[in-house]
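Encoded as structure tokens, the structure appears first; notes follow it.
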Amino acid sequence: MELVKSLGADNVIDYTVEDFSSTDETYDVIFEAVNKSSFSACMKLLKNNGTYINVTEPLPSVEMLWTKLTSSKRLLLSRNSPETSEALNFLKELVEMGKLKVVVDRYYSLDEIVEAHRYVEKGHKIGNVVINMEHTHLI
């Protein structure tokens, strides 16, 4: 939670302690990082023209598609990268405004990719794991 606060979040909710969906507060952005909150609960708390970001959901559900088609709410889904130019431009704008900060946990060379995967699969990384291909000898 301290890391998220240091990145500039106005409000951070620990899902293991508090059920955020029981509040009347609404949000401009809901960032779902661990997929513990239902999509419908998030939509009830997301302001019109708000943005829902879920980094654990690679494919939209029917409910997500319907929301995207019938509301002014923005949905960004994917494990790795934005699926549309609109999503990529939105993330670019956030970076340019200083509202999105990148956290890198560890760096590995391409030769260490097996070790990097093992580390990520443990499920304890904090931030991104970067594979540096600069000094790699490709066959």
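What follows draws every value from the coordinates through simple rules; no lab data is involved. All values derive from a computational prediction rather than experimental measurement.
Distance cut-off 26 Å, Cα to Cα: go down the list Lys47/Lys92; Lys101/Lys122; Lys36/Lys125; Lys5/Lys68; Lys68/Lys122; Lys5/Lys47 and report the pairs above it.
As for pairs spanning more than 26 Å Cα to Cα, those are Lys5/Lys68; Lys68/Lys122.
Sequentially through the range 122-128, phi angles give Karplus couplings (6.51, -1.76, 1.60; θ = phi - 60°) of 5, x, 10, 5, 10, x, 8 Hz, Gly and Pro residues having no value and appearing as x.
Distances between placed amide hydrogens fall under 5 Å for Leu76 paired with Tyr52, Ile53, Asn54, all partners being 5 or more residues away or on another chain.
Three principal axis extents describe the C-alpha atoms of the chain; from largest down they are 55, 34, 30 Å. Just checking the listed ones, Glu18, Glu32, Glu93: in the Gaussian network model of the chain with Cα springs under 10 Å, the one fluctuating most is Glu18.
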